[in-house]
Amino acid sequence: MGFMIRTVLVCVLVVFAGSGCQHFHIGGGDREAKNRPAVRTVRVAGIVLKWVPADKETNYKRAEPLIREAAAQGADIVMTTECFLDGYAIRNKKIPLDEWRALGEVIPGGEYLTKLQRLSDELDIHLVAGMLERDGDQTHNTAVMIDPDGKLIGKYRKQSLGHEKPRNTPGDASPVFDTAYGKIGLMICADRREPELIKRLGDNGAELILCPSGGMWGPVKNDHHVQARSRENQVPIVFTHPIEFLVTDVDGEILDRRFAGDQMDVRRGQIVAVENAQSAAIFNSPARTRQKVP
């Protein structure tokens, strides 16, 4: 299948990954899947959306129509970037603490989390959404997983924080969530650089890992990390970033990689002045059953 691009000033990318049993299509070429193990079918959409820093309402309003578009294209699972709601506001350590905490969502029960749950229920999709979580006086870089009935399956808190440590508290668990498509694990951004952390997801039975991300991207600073984690754990990974969408197979092969410009943020004036640019790319990729690594 091909892909369509409409190019204007603000760049938004929606990419869909699906698995098939006989053939799969990667970046314009078909390749026969002879001698491949049987695969399950799941269609994953990555919402590659540039951030408006510290503006939850604007980020939600920009993401919702793309989530709807993904569902209309048949996505079973839709994933946002890391901290899509607050626009990864942790980069600005000068935000007053009360304003900083107000950017966080209470999980469960937060206003925008509730909106996302209603949206998942309406569209009948699994939704993985990255957001700042507020838990008392602590904040966490968190990704939630919501089921097609709008129920919160669970959440994952980023463990490898780096520059976020002055304000965010790291998570200490690597849960794997049961879904109709198998066991799904979550990691967030810099977690991908920690082999032992991702090994815990594999040991917990993850058959697919989803990685909402921001920060580093591209072949030099990012992709080899994702490839290595797939290869080490024999698990496919889908990575979604404001600039890049990446899918790696169990052997670390890159199945699909797309870029949307080279900036992670967009100014409010750009949003109201022009129509969002977007690309919808659909391809088939194998999601082979994980083999236990000795």
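Peptides 78-84, 242-248, 175-181, 62-68 ordered by packing proxy, namely the average of other Cβ atoms within 10 Å per residue, highest first: 78-84, 242-248, 62-68, 175-181.
Note on Asp135 and Asp121: their simple-model spin labels are 2.5 nm apart, each label 7 Å out from Cα toward Cβ. Averaged over residues, the count of other Cβ atoms within 10 Å places the peptides 128-136, 146-154 in the sequence 128-136, 146-154, highest first. Measuring from a point 7 Å past the Cα of Lys151 along Cα-to-C-beta, which residues in the range 63-92 have an amide N at less than 16 Å? Under 16 Å, as judged by backbone N against the label point of Lys151, lies no residue of the range 63-92. Modelled spin-label separation between Val220 and Asp98, with each label point placed 7 Å from Cα along the Cα-to-Cβ direction: 4.4 nm. Electrostatic tally near Arg101: other residues with Cβ closer than 9 Å to its Cβ, Lys and Arg +1, Asp and Glu -1, net -2.
Sorted on the mean count of surrounding Cβ atoms within 10 Å across their residues, most packed first, peptides 205-214, 116-125 read 205-214, 116-125. Name the shape class, rounded, prolate or oblate, that the alpha-carbon gyration tensor gives for the range 194-236, where a ≥ b ≥ c are the square roots of its eigenvalues, rounded holds for a/c under 1.5, and otherwise prolate holds if a/b is larger than b/c and oblate otherwise. Prolate shape, in that a/c is at least 1.5 and a/b is the bigger ratio. Be a star and scan the range 147-186 for residues whose amide nitrogen sits under 15 Å from the point 7 Å along the Cα-to-Cβ vector of Glu196. In the range 147-186, the label zone of Glu196 (backbone N under 15 Å from the point 7 Å along Cα→Cβ) covers 159-161, 172-174.
Read the figures in this text as sums done on the coordinates, not as results from a lab. It should be emphasised that the depicted structure is a prediction, and the values quoted were computed from it without experimental measurement. Positions of Cβ are generated from backbone atoms using ideal geometry, with glycine treated the same way; all protein chains shown enter the neighbour counts.
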